[in-house]
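One structure below.
Since every read-out is calculated from the coordinates, none of them should be taken as a lab result. It should be emphasised that the depicted structure is a prediction, and the values quoted were computed from it without experimental measurement. Because the Cβ atoms are built from the backbone with ideal geometry, glycine has one as well, and the counts that use them run over all protein chains shown.
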Amino acid sequence: MAMISQAFFLAIIFFILVQLQASPSPAIQALVAPITKDTKTGLHTLSISNKNYLLDLSGQLLWSPCSPSHPTVPCSSGECAAASGAHKSCNNGGRACTARPTNPVTGERAVGDLTLADIVANATDGKTLTSEVTVRGVVSSCAPGSLLRSLPAMAAGDAGLGRGGVSLPTQLYSKLSLKRQFAVCLPSTAAAPGVAFFGGGPYNLMPPTLFDASTVLSYTDLARSPTNPSAYSIKLRGIAMNQEAVHLPPGALSRGGGVTLDTAAPYTVLRRDVYRPFVAAFAKATARITRMPSVAPFELCFNSSALGFTRVGYAVAPIDLVTSGGRNWTVFGSNSLAQVAGDTACLAFVDGGRAARSAVTVGAFQMENNFLLFDEAASRLGFSGTLFFIRTTCGNFNFARN
Ligand SMILES: *[C@@H]1O[C@H](CO)[C@@H](O)[C@H](O)[C@H]1NC(C)=O
Ligand SMILES: *[C@@H]1O[C@H](CO)[C@@H](O)[C@H](O)[C@H]1NC(C)=O
Ligand SMILES: *[C@@H]1O[C@H](CO)[C@@H](O)[C@H](O)[C@H]1NC(C)=O
């Protein structure tokens, strides 16, 4: 009797082991990657395969210089068809599909072969790293080395996270069956990396208590910019300072390219008709603070020793970006004033001139230490406002391996 039950027991163990072996690898919830700030340019890079690429929210392609022996992608392939937004064309009697990689900082364009590469990133359960994952056959574009000009020195290329058939998030969603959303949380210093997630949450940030950043978000609809189809755009009803509306020309915020988000701009760029009343309103709201000489590219600068300091940065008029749904993306001192010298801080918004592509291009400095969720499935943007209010920063994801 004892013998039989022992044999039975062993059979069950054996059966379980076989089952474990045969079960497919568990689904990946999300990939995670560190974001680093380059203090020289004010731009940020995303680490993929342990290489740094410019974090480019409106780019359509992953691009970098290729080795001479890179594989090409036939013109008849699905990969070539998917690159249609990236100005693809066909060379070499249809054997090599090419694209037009763009440097989003200088606006310079080149022609490069589309190619396929494996990329490596860490998977996450939203709390820690779970395993390293190789994603095979990711479409990217080759580019001449000269296209790297003006990017952070450590950038090996550009990681286009914009809308489009071959942008990095689009490819990761389909190759790994991820939830169609990604999040970025840009660090304000080079001291600790920020974090990007591709796929579903939670997205936990550390101290004081572990909390899921997706639970503190307000939402507004994502729109399409008429002048920049690969960019993520939102609609603003107005802008206020100290809760008082900034008087903008009627329709100014929706005219032209509308309001776009662009991490290739270190600071938010305002078209002239928005910039002038914006700066005038901020000057009025800070009339009693000692001015300092302008420091390019900024106009309005203050004696920062004379400014009060709060948990959310210098004590200056909060700026409300009033979104179409009525929720406010409120910009406090930590995201409105840039410290340019020991005793000088300047309003960190720049004049884009009359012909600026968008009325407002929200730049990297205004996104720092804000958690932004690009929910493409529901076509909405989740925004946290400054994380300083909840005593955390974008540098607080735990990148240790579980
Ligand atoms: C994955 O995480 C480990 C542990 O932090 C790290 O050493 C490794 O470089 C990461 N891999 C990639 C591709 O980033
Ligand atoms: C948003 O900001 C505007 C302007 O400051 C203010 O009037 C409004 O009450 C705010 N809305 C919310 C929901 O906080
Ligand atoms: C800046 O403000 C500090 C503190 O109020 C003051 O001591 C200093 O003289 C001011 N500097 C200038 C250049 O106004």
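Each of V184, G194, G238 was placed along the dipole of the chain (beta-carbon charges, centred on the mean Cα), and the one lying farthest toward the positive end is G238. In summary, the helical segments of the chain meeting the span-like criteria, namely a full DSSP H run, a Cα extent along the axis of 24 angstrom or more and a mean Kyte-Doolittle hydropathy of at least 1.0, are 2-22.
Each label point was placed 7 Å from the Cα along the Cα-to-Cβ direction; for R224 and V120 their separation is 3.9 nm. Taken one residue at a time, the phi angles of the stretch 106-111 give Karplus couplings (6.51, -1.76, 1.60, θ = phi - 60°) of 9, x, 5, 10, 9, 10 Hz. Gly and Pro are set to x.
Name the shape class, rounded, prolate or oblate, that the alpha-carbon gyration tensor gives for the stretch 299-370, where a ≥ b ≥ c are the square roots of its eigenvalues, rounded holds for a/c under 1.5, and otherwise prolate holds if a/b is larger than b/c and oblate otherwise. Taking the square roots of the gyration eigenvalues as a ≥ b ≥ c, the stretch 299-370 is oblate. Residues of the stretch 303-333 falling in the label zone of A341, defined by backbone nitrogen less than 19 Å from a point 7 Å along Cα to beta-carbon, are 303-307. Taking each residue as 0.36 nm, the span from A287 to A190 lengthens on full extension beyond its C-alpha to C-alpha distance by 31.6 nm. Note on the chain: GNM, Cα springs under 10 Å; of P152, P65, P249, the largest mean-square fluctuation is that of P249. Calculated mean residue ellipticity at 222 nm for the chain: -4000 deg cm²/dmol, from DSSP H runs with n ≥ 4 weighted as -39500 (n - 2.57), summed, divided by the residue count and rounded to 500. Computed from backbone phi with θ = phi - 60° and the Karplus coefficients 6.51, -1.76 and 1.60, the 3J(HN,Hα) list for the stretch 35-45 is 10, 10, 8, 9, 5, 5, 9, x, 9, 10, 10 Hz; x is used for glycine and proline. Projecting label points 7 angstrom from Cα along Cα→Cβ for A377 and T106 puts them 4.1 nm apart. Within the same chain, lysines fewer than 8 places from K37 are excluded, and of the rest, those with a Cα less than 19 Å from its Cα are K51. Over all Cα atoms in the stretch 211-390, the spread is summed up by Rg and Dmax: 15.7, 48 Å. Take the Cβ atoms of E299 and S146, set R0 to 25 Å, and the FRET efficiency comes out at 0.15. Compactness of the chain, taken as the C-alpha radius of gyration over 2.2 N^0.38 Å, stands at 1.10.
Taking the Cα centre of the chain as reference, the dipole from Cβ charges on Lys and Arg (+1) and Asp and Glu (-1) amounts to some 600 debye. Sequence-distant contacts, meaning Cα pairs under 8 Å at least 6 residues apart, place the relative contact order of the chain at 19 percent. For S131, neighbours were defined as the other residues whose beta-carbon sits under 15 Å from its Cβ, and their charges (Lys and Arg +1, Asp and Glu -1) total 0.
Among the trypsin sites (Lys or Arg not before Pro) within the stretch 138-197, those in coil by DSSP and having at most 14 neighbouring Cβ atoms inside 10 Å are R149. Working from Cα pairs under 8 Å separated by at least six residues, relative contact order for the stretch 30-201 is 33 percent. Around the amide H of G352, modelled in the peptide plane, lie the amide H atoms of L270, R271, R272, all under 5 Å away and 5 or more residues distant in sequence or on another chain.
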